[in-house]
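**Student:** Here it is, the structure, as structure tokens.
Please treat every number below as a calculation from the coordinates, not as lab data. No experiment lies behind these values; they were computed from the predicted model shown. Positions of Cβ are generated from backbone atoms using ideal geometry, with glycine treated the same way; all protein chains shown enter the neighbour counts.
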């Protein structure tokens with residue numbers, strides 16, 4: 001992990017402050033690569049994101065990506081990359097939100113209501129990593145076949161396809 | 001309007017005026033879906049009631065493959081995501097790896113990257129121009145664009161040895177230096193392209209048929225574009241002056257002067273205009289970079305055994321939009337997790353908002369205007 | 001030649017009906033042969049022309065300068081497996097190419113190759129032409145419906161809609177030609193334009209010609225009006241499911257229609273097979289091929305028009321123009337005396 005450094009750019013300071021005040025249990029840190037990193041518990045998910053998007057001082061209106069990482073025994077981590085484009089056209093506020101979910105019950109609330117673009121991202125994370133996004137209107141496999149077994153990006157994934165029959169000519 | 005009364009399902013009794021809904025599969029084998037995209041269309045006659053993209057026909061789970069390869073071995077796979085702009089997808093990945101490793105890239109390498117990256121943008125836009133015109137039924141423009149791209153690919157071949165999938169960028173630099181006479185070749189090409197671009201404009205821009213087919217089609221507003229995660233020319237076509245090269249200048253982009261072309265109406269025509277102007281901006285950048293390029297090494301010092309630690313997300317302005325790579329390392333020399341955020345994948349969600357209410361022929365124009373590459377969508 | 005044959009028939013004790021039937025057969029064979037040769041040539045020509053427009057060479061390998069390419073393709077098409085989709089309406093599916101070819105050929109009955117050289121100089125020539133040109137849409141509908149393919153269906157519906165919008169201006173512009181000549185007979189129309197360029201109908205009928213040319217391109221589904229088979233939108237439109245010989249018949253009919261349309265344009269507005277020095281047939285070919293080349297030039301330059309714009313063009317632009325032209329023609333004929 002990138003080491004949190006002391007000096008945070010001015011544009012990000014109010015963000016960190018606002019988030020910290022409203023959500024004291026959120027873990028806010030500044031990363032050297034210019035992103036503000038926030039860890040939040042899973043039960044705050046949809047409200048937290050709506051706050052990020054709709055609070056006038058924050059307005060993270062652009063969702064760059066949603067993805068998930070399998071940290072094996074530590075569980076899954078769902079990672080959201082947010083950018084604010086509305087306030088300043090330069091869009092230089094970048095925020096990464098991480099939510100840890102347990103391995104045996106990987107459920108996260110869906111953010112499709114907040115950013116419509118989350119639709120395909122969440123479907124992809126569901127398809128490849130098996131994260132269930134509660135409240136997603138259309139949570140189907142997107143890249144793999146509908147009858148695929150398992151979620152390939154999990155570290156313990158084994159290909160369960162039956163071996164191809166050997167053809168002897 | 002021709003109305004068709006054939007449906008797969010029995011007609012439903014409704015009080016509303018009869019809508020004869022017909023379900024049509026546009027693709028995966030359709031001439032203008034740019035590969036194997038399947039758009040599930042619900043049409044009434046030819047008017048689109050609903051459009052939904054079905055992707056995954058080219059999926060090979062590059063992200064899983066990356067977890068089994070060393071850092072450098074992943075680069076060829078990134079080529080094969082966006083095969084029309086291989087350099088930019090390599091770049092996003094390489095940048096992520098460099099940030100995790102803390103590798104310094106020599107200045108000359110950065111300049112070389114900018115030059116090939118912008119040339120790649122030109123090459124990609126040339127294909128887009130041709131394919132877009134072809135989608136609209138203007139066959140000749142396609143071959144014109146192909147001709148110019150061929151000259152450019154010759155330059156790339158001389159530089160990297162490959163025509164489309166270059167495997168040229170390396171962690172910490174580029175594979176080899178520019179060859180002697182590279183600048184002359186590029187200058188000659190740019191001069192030629194400038195003349196030919198005028199020809200393209202004569203052929204399409206201002207043509208009445210072309211304008212009626214593109215203006216007011218597939219409109220998305222700036223708010224919609226941001227909410228749906230659009231990027232690149234699609235976002236700029238809607239009037240948002242957002243370009244990662246300006247907003248978050250990576251590499252040495254902050255040293256060049258160039259503008260961000262912005263469209264007005266967010267329709268197919270605006271996206272066309274934006275891309276056509278980006279030709280000129282890319283040419284400006286390449287010329288400046290060729291003028292200012294410093295000497296020195298083209299490959300920085302990298303640790304012999306690259307141990308990736310931590311996580312990083314890099315975003316790059318590819319010809320199609322924002323390419324993001326989320327790279328996680330666990331201390332070994334293979335990426336623990338490598339996520340590739342593809343702009344086309346995101347843009348495909350817009351088919352519904354853009355296409356509903358238009359005709360099937362407009363759907364073709366819309367797909368052409370967001371410039372999809374299925375290799376990148378499906379990864 | 002004809003007299004000699006007539007004598008022969010009388011010797012054999014066969015009456016006039018048998019003679020007429022025999023002559024009809026000979027003429028029919030000649031027309032079909034003419035069409036087939038023209039189609040072969042035109043396909044080659046189209047490839048070459050499009051090649052030169054697009055900075056390519058076109059076919060070069062098969063035969064001298066690639067001249068045999070079309071022949072090779074014809075052999076390929078003929079030797080392909082005859083595929084009929086399992087869900088297709090067999091009878092209609094098989095009939096459709098026959099109908100379109102019949103329609104394309106039937107048009108040639110009245111087209112004058114020379115001042116008096118035509119299969120049959122019908123006294124209702126113009127009406128016959130407008131009737132027969134409308135026949136091809138029937139074939140498109142049959143093909144689209146019977147293929148059991150949604151793209152085909154959309155294509156055939158487009159062609160029906162297109163026909164309705166373009167038949168009207170086309171017929172209106174033809175009516176003006178009939179008024180100018182004072183006859184519906186194509187022989188008379190050619191005769192009325194004899195005696196130099198000044199007598200060509202193009203000068204009083206410039207508006208009519210524009211309407212005729214535009215509507216005609218739409219009528220024969222030529223780009224930029226090739227909507228029924230727009231390959232980038234409808235895969236291949238009404239002939240998506242056709243392959244091999246049947247597809248080839250569609251293809252030949254398309255070119256037969258192109259030749260017929262060009263020949264009609266030449267006949268109606270440019271004096272048809274009349275001209276100095278050269279024999280009439282050569283003039284006929286020169287003028288026809290001029291319009292064919294113009295049509296090719298248009299096809300390889302313009303993007304495809306959209307289906308609703310096509311309707312708008314037909315109803316809001318071409319029909320008013322044709323009506324204005326009709327009024328002007330009436331005035332002209334009266335003033336001319």
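**Student:** Would you compute, for the Cα atoms of the stretch B:114-188, the largest minus smallest coordinate along each principal axis and list the three values in descending order, in whole Å?
**Tutor:** Its Cα atoms span 44, 26, 18 Å along the three principal axes.
**Student:** Where does chain B land on the Kirkwood hydrodynamic radius, alpha-carbon pairs, in angstrom?
**Tutor:** Evaluated over chain B, this radius sits at 21.6 Å.
**Student:** So what's the back-of-envelope 222 nm ellipticity for the protein assembly as shown, counting only DSSP H runs of four-plus at -39500 (n - 2.57) apiece and dividing by all residues, rounded to 500?
**Tutor:** -15500 deg cm²/dmol
**Student:** Specify whether the C-alpha gyration tensor of the stretch A:57-157 places it in the rounded, prolate or oblate class, a ≥ b ≥ c being the square roots of the eigenvalues: rounded for a/c under 1.5, otherwise prolate if a/b is larger than b/c and oblate if not.
**Tutor:** It is prolate, given that a/c is not under 1.5 and a/b is the larger ratio.
**Student:** Run the numbers on the stretch B:35-94 and let me know its relative contact order in percent, using alpha-carbon pairs under 8 Å that are six or more apart.
**Tutor:** Once normalised by length, the contact order is 20 percent.
**Student:** Let me ask another. Sorted by packing (mean other beta-carbon atoms within 10 Å per residue), highest first, where do C:320-328, C:178-186, C:18-26, B:125-133 land?
**Tutor:** Taking the mean over residues of other Cβ atoms within 10 Å, the ranking is B:125-133, C:178-186, C:320-328, C:18-26.
**Student:** For labels at residue B:72 and residue B:307 in the simple 7 Å Cα→Cβ model, what's the distance in nm?
**Tutor:** Spacing of the two 7 Å Cα→Cβ label points: 1.9 nm.
**Student:** Taking each residue in B:130-138, count the Cβ atoms of any other chain within 10 Å of its Cβ, then average. What number comes out?
**Tutor:** 5
**Student:** Convert 20 °C to kelvin, take the viscosity as 1.002 mPa s, use the Kirkwood radius over C-alpha pairs of the stretch B:46-169 as Rh, and evaluate the Stokes-Einstein diffusion coefficient in µm²/s, rounded to a whole number.
**Tutor:** Translational diffusion coefficient: 130 µm²/s.
**Student:** Ok, one more. Could you work out how far helix A:13-22 tilts from the main Cα principal axis of chain A, as a 0 to 90 degree angle to the nearest 10?
**Tutor:** The helix A:13-22 is inclined about 80 degrees to chain A.
**Student:** Please determine, in degrees from 0 to 90 and to the nearest 10, the orientation of helix B:360-370 with respect to the longest principal axis defined by the Cα atoms of chain B, where the helix direction is its Cα long axis.
**Tutor:** Tilt of helix B:360-370: around 10 degrees.
**Student:** Another question, if that's okay. Give the order of A:128, C:234, C:71 when sorted by the count of other beta carbons within 10 angstrom, beginning with the fewest.
**Tutor:** Ranked by crowding around the Cβ, least crowded first: C:71, A:128, C:234.
**Student:** Based on the Cα coordinates of the stretch C:158-207, what is the per residue volume of their convex hull in Å³?
**Tutor:** Dividing the Cα hull volume of the stretch C:158-207 by its residue count gives 88 Å³.
**Student:** Next question, about the same structure. Take every residue in peptide B:240-251, count the Cβ atoms of other chains within 10 Å of its Cβ, and give the average of those counts.
**Tutor:** Average per residue, whole number: 3.
**Student:** Here's something else I'd like to know. Taking Cα atoms of the stretch C:155-297, Rg/Rh with Kirkwood Rh, to two decimals?
**Tutor:** 1.03
**Student:** Can you give me the C-alpha center-to-center distance between the stretch B:137-205 and the stretch C:163-226, rounded to a whole angstrom?
**Tutor:** After rounding, the separation between the Cα centres reads 48 Å.
**Student:** Which peptide among C:189-199, B:43-53 comes first, and what is the full order, when sorted by highest mean count of other Cβ atoms within 10 Å?
**Tutor:** Averaged packing, sorted descending, gives the order B:43-53, C:189-199.
**Student:** Would you mind ranking B:256, C:209, C:269 by Cβ crowding within 10 Å, fewest neighbours first?
**Tutor:** Ranked by crowding around the Cβ, least crowded first: B:256, C:209, C:269.
**Student:** Something else now. Calculate, for residue B:163 and residue C:102, the FRET efficiency according to 1/(1 + (r/R0)^6) with r their C-beta to C-beta distance and R0 60 Å; round to the nearest 0.05.
**Tutor:** E between residue B:163 and residue C:102, to the nearest 0.05, is 0.75.
**Student:** Also, I was wondering about something else. For the residues B:180, A:100, B:54, what sequence is obtained by ranking on other C-beta atoms within 10 Å, fewest first?
**Tutor:** Fewest to most other Cβ atoms nearby, the residues stand as B:180, A:100, B:54.
**Student:** Follow-up question, since we're still on this one. Over all residues in A:57-70, what is the mean tally of Cβ atoms on other chains that come within 10 Å of each residue's Cβ?
**Tutor:** Mean partner-chain Cβ count within 10 Å for A:57-70: 5.
**Student:** Just order C:82-88, B:245-251, B:115-121 by mean Cβ neighbour count inside 10 Å, highest at the front, would you?
**Tutor:** Result, highest mean Cβ count within 10 Å first: B:115-121, B:245-251, C:82-88.
**Student:** From the C-alpha coordinates alone, can you work out the Kirkwood hydrodynamic radius of the stretch A:13-110, in Å?
**Tutor:** 13.8 Å is the Kirkwood radius here.
**Student:** On to the next question. Treating the Cα atoms of the stretch C:223-279 as identical point scatterers in vacuum, please give the log10 of the normalised Debye intensity I(q)/I(0) at q = 0.22, 0.23 Å⁻¹, two decimals.
**Tutor:** At q = 0.22, 0.23 Å⁻¹ the computed log10 ratios are -0.89, -0.93.
**Student:** Sticking with this one: Residue separation times 0.36 nm, minus the C-alpha to C-alpha distance between residue B:356 and residue B:151: what's the value?
**Tutor:** Between residue B:356 and residue B:151, full extension yields an extra 69.9 nm.
**Student:** Residue A:167 to residue C:95: FRET efficiency via 1/(1 + (r/R0)^6), r the Cβ-Cβ distance, R0 35 Å, to the nearest 0.05?
**Tutor:** Here the calculated transfer efficiency is 0.20.
**Student:** Another question about this same structure. In a GNM of chain C with a 10 Å cut-off on Cα contacts, which of C:252, C:168, C:211 has the highest mean-square fluctuation?
**Tutor:** Judging by the Gaussian network model, the answer is C:168.
**Student:** Taking the square root of 5 times each eigenvalue of the Cα gyration tensor, what semi-axes in Å does the equivalent ellipsoid of chain A have, largest first?
**Tutor:** Semi-axis lengths for chain A are 35, 17, 15 Å.
**Student:** What do you get for the angle between helix B:268-292 and the principal long axis of chain B? Use alpha-carbon atoms, 0 to 90 degrees, nearest ten.
**Tutor:** 10
**Student:** Fully extended, how many nm does the chain gain between residue A:22 and residue A:55 (0.36 nm per residue separation, minus their Cα-Cα distance)?
**Tutor:** This chain segment gains 10.8 nm when fully extended.
**Student:** Quote the relative contact order of the stretch C:1-79 in percent (integer), defining contacts as alpha-carbon pairs under 8 Å separated by 6+ residues.
**Tutor:** Taking the mean separation of contacting Cα pairs over the length of the stretch C:1-79, I get 16 percent.
**Student:** If you don't mind, there's one more thing I want to ask. Starting from 0 in steps of 20 Å, tell me what percent of the Cα-Cα pairs of the protein assembly as shown lands in each bin.
**Tutor:** Once binned at 20 Å, the Cα pair distances of the protein assembly as shown give 13, 39, 30, 14, 4, 0.
**Student:** Here's another thing I want to ask about it. Evaluated at 20 °C with a viscosity of 1.002 mPa s, what Stokes-Einstein diffusion coefficient in µm²/s does chain C have when Rh comes from the Kirkwood expression over alpha-carbon pairs?
**Tutor:** Value of D from the Cα-based Kirkwood radius: 101 µm²/s.
**Student:** Could you give the nm distance between label points at residue C:36 and residue C:75, where each point is 7 Å from its Cα heading toward the beta carbon?
**Tutor:** The answer from the label model is 1.6 nm.
**Student:** Where a ≥ b ≥ c are the square roots of the eigenvalues of the C-alpha gyration tensor, would you call the stretch B:190-303 rounded, which needs a/c under 1.5, or, failing that, prolate if a/b is larger than b/c, or oblate?
**Tutor:** Here the stretch B:190-303 falls in the oblate category.
**Student:** Moving on. Expressed as a whole percent, how much of the Cα-Cα distance distribution for the stretch C:1-116 exceeds 20 Å?
**Tutor:** 65
**Student:** Report relative contact order for chain C in percent, whole number only (criteria: Cα-Cα under 8 Å, sequence separation at least 6).
**Tutor:** Computed over chain C, the figure is 22 percent.
**Student:** Now, a different point. Where a ≥ b ≥ c are the square roots of the eigenvalues of the C-alpha gyration tensor, would you call the stretch B:149-190 rounded, which needs a/c under 1.5, or, failing that, prolate if a/b is larger than b/c, or oblate?
**Tutor:** oblate
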